[in-house]
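The values are calculated or read from the model by the stated rules, or taken from the named source; none is laboratory data. Just so it is clear, the structure is predicted and the values come from calculations on it, not from any experiment. When we count neighbours, we look across all protein chains shown, and the Cβ atoms used for this are built from the backbone with ideal geometry, even at glycine.
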Amino acid sequence: MNLLQLTRCMFGLHQRDRHRARHDGAVVRSYCTGCGKPMIKDNRGWHLDAAAPGPQPASE
């Protein structure tokens with residue numbers, strides 16, 4: 001986790017992890033670099049995925 005980004009997450013400024021982005025049909029899925037919450041990119045852009053389960057640990 002990125003501590004600087006985690007501070008930004010507290011204000012709703014999540015940033016997706018480029019390395020963990022995966023194409024899933026009509027959308028692209030990734031995780032926030034700060035808090036690890038699932039994110040989704042659709043026609044509105046990147047935002048948190050409310051339908052997904054909680055944060056996933058980063059795979060190394």
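What the table shows:
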| item | result |
| --- | --- |
| Enumerated strands (runs of 3 or more DSSP E) restricted to the range 20-60, each holding at least 1 residues that are at pLDDT 85 or above and closer than 13 Å to residue 9 by Cβ | 27-31, 38-42, 45-48 |
| Output for the range 2-20, where each listed residue is hydrophobic (A, V, I, L, M, F, W, C) and under 15 Å from residue 39 (Cα atoms) | 6, 9, 13 |
| Within the range 24-35, considering residues that are crowded, with 16+ Cβ neighbours inside 10 Å and closer than 16 Å to residue 51 by Cβ, the one farthest from the chain's Cα centre (by Cα) | 29 |
| Members of the range 1-23 found to be within 19 Å of residue 50 (Cβ to Cβ), of a type outside the set (S, T, N, Q) and surrounded by 11 or more Cβ atoms within 10 Å (Cβ to Cβ), listed by number | 9, 13, 14, 16, 17, 20, 21 |
